[in-house]
Amino acid sequence: MGYSLSWLAVKGKSPAAVRDALGLRPTGQREEFPESDLCAAELPGGWYLIVSDHTEHVAPDAILQTLSAGGELVTCFVEEHVMASAAAGWQDGRKLWSVTRDAQRGGDHLAAEGDLPPEYAAIRDRLLAKQRDEDLEKPPANRRLQRKSGDFSQMRCDYIFSIPVELAQALTGYTHDGDIPGQTGEPFEVLAAVSSAPSASPAKKSFLKKLFGG
């Protein structure tokens, strides 16, 4: 199936303040994994996490600008069906950096902009080196034949896809396919939209709409 989701983590704001800014409310339900449309969890290091299933963004930039005022904010987007990922950082109402990978734009596509975190270079260099080794072992010219034959054992791994994901994890401690460090049980609280709030619905999917229609 593959993951299709977005998340953001905020530091320097209370959970209630984050929910209010996004037009969300707690439901009292809890989950071991973020399987509902909207979930939240408190991360080590003071980050408050919101996970939104099947969306490109938890909230539009105008809301992120307000939410990051007086604090820090990291966003991450994962769409494994087409191997697209993105991460961005905000602070004090300004978007500072972004890193985007979209395999549909080419096998080596990676776009990085802004004042990138110091962790970025080491993550990029390590995963690009792994990608080069992978491409030597499984040359791109064979991929079409592999798809036709159904022999996916030789399909190329996309390590570049992991660059934005690992960068977001390095900054916040969270990744969509891992446990929250030091937490057990049901760390995720299910959220619902406050119907009267203008930002109640997460920003659904200009990208996902192109993929799945609707």
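Structure above, values below:
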{"quantity": "Among the residues listed as R19, R25, the single one being modelled with pLDDT of 95 or more and part of a strand (DSSP E or B)", "calculated": "R25"}
{"quantity": "Residues being at pLDDT 55 or above, exposed (fewer than 13 other Cβ atoms within 10 Å of the Cβ) and of a type in the set (D, E, K, R) - total across the stretch 145-178", "calculated": "1"}
{"quantity": "Residue that is part of a strand (DSSP E or B) and either surrounded by fewer than 23 Cβ atoms within 10 Å (Cβ to Cβ) or modelled with pLDDT under 95 (or both), where the choices are T55, T100, T75, T66", "calculated": "T100"}
{"quantity": "Any hit, the stretch 108-125, residues being within 13 Å of the chain's Cα centre (by Cα), in a strand (DSSP E or B) and of a type in the set (A, V, I, L, M, F, W, C)", "calculated": "no"}
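Rundown of residues vs (1) surrounded by fewer than 23 Cβ atoms within 10 Å (Cβ to Cβ); (2) in contact with a helix residue (DSSP H, G or I) (Cβ under 7 Å, 6 or more places away or on another chain); (3) part of a helix (DSSP H, G or I); (4) not charged (D, E, K, R), yes/no style:
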position	(1), (2), (3), (4)
P44	yes, no, no, yes
L49	no, no, no, yes
G70	yes, no, no, yes
H81	yes, yes, no, yes
S85	no, yes, no, yes
A88	no, no, no, yes
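The values are calculated or read from the model by the stated rules, or taken from the named source; none is laboratory data. Please read these numbers as outputs of a predicted model, since none were measured by experiment. Glycine also receives a Cβ, built like all others from the backbone with ideal geometry; neighbour counts cover every protein chain displayed.
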